[in-house]
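Shown next, in structure tokens, is the structure this report addresses.
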Amino acid sequence: QVQLVESGGGLVQPGGSLRLSCAPSGSTYRINTMGWYRQAPGKQRELVATITSGGTTNYADSVRGRFTISRDNAKNTVYLQMNSLKPEDTAVYYCNADLQLYWATRPRDYWGQGTQVTVSS
């Protein structure tokens, strides 16, 4: 079974930067849209940013201009560069991918286990 493996979370001061990475743990046939979501304590999971296989991006208004999503299709990896971080960005960040395995007849949603991002002085 393929899993999405995230890395790069941690503790950072307000105004600082972090870079998250995410890639499948095994081989895949095709990966369509990839993205990042986050969930803060007591709140619902929300979209942060997505990127299609062709590179079209979409951002939540709260992060536009501060966060940049990108992907390396050769490495099947999606990144989230987070700059000018604010305390309200504190959350568990989840990687998401619409991907298809070789033996599957269609793609489906996969989620990572989540990585904690804490913005605090």
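Specify which of the listed residues (Asp98, Asp89) is under 24 Å from Ser121 (Cα atoms) and acidic (Asp, Glu).
Asp89
Only one of Thr77, Thr28 is modelled with pLDDT under 95, polar (S, T, N, Q) and in contact with a strand residue (DSSP E or B) (Cβ under 6 Å, 6 or more places away or on another chain); which?
Step by step, each of Thr77, Thr28 is checked, and only Thr28 is modelled with pLDDT under 95, polar (S, T, N, Q) and in contact with a strand residue (DSSP E or B) (Cβ under 6 Å, 6 or more places away or on another chain).
Touching an Asp or Glu at 6+ places or on another chain (Cβ under 8 Å), assigned to a loop (DSSP other than H, G, I, E, B) and either of a type in the set (Gly, Ala, Ser) or surrounded by 15 or more Cβ atoms within 10 Å (Cβ to Cβ) (or both) - does that describe any residue in the stretch 53-60?
Within the stretch 53-60, one or more residues are touching an Asp or Glu at 6+ places or on another chain (Cβ under 8 Å), assigned to a loop (DSSP other than H, G, I, E, B) and either of a type in the set (Gly, Ala, Ser) or surrounded by 15 or more Cβ atoms within 10 Å (Cβ to Cβ) (or both).
Being without any contact (Cβ under 8 Å) to a residue 12 or more places away in the chain and within 25 Å of Ser25 (Cα to Cα) is true for just one of Thr68, Thr56. Which residue is that?
Thr56
Checking the condition closer than 26 Å to Arg106 by Cβ and either at pLDDT 95 or above or in a strand (DSSP E or B) (or both), which residue from Thr68, Thr33 passes?
Just a single option satisfies the conditions, and that option is Thr33.
Which of the residues spanning the stretch 89-121 are assigned to a loop (DSSP other than H, G, I, E, B) and polar (S, T, N, Q)?
Residues satisfying the conditions are Thr90, Thr105, Gln113, Ser120, Ser121.
The values are calculated or read from the model by the stated rules, or taken from the named source; none is laboratory data. None of the values given here were measured: they were computed from a predicted structure. So basically every Cβ, Gly included, is an ideal-geometry build from the backbone, and we count neighbours across all protein chains shown.
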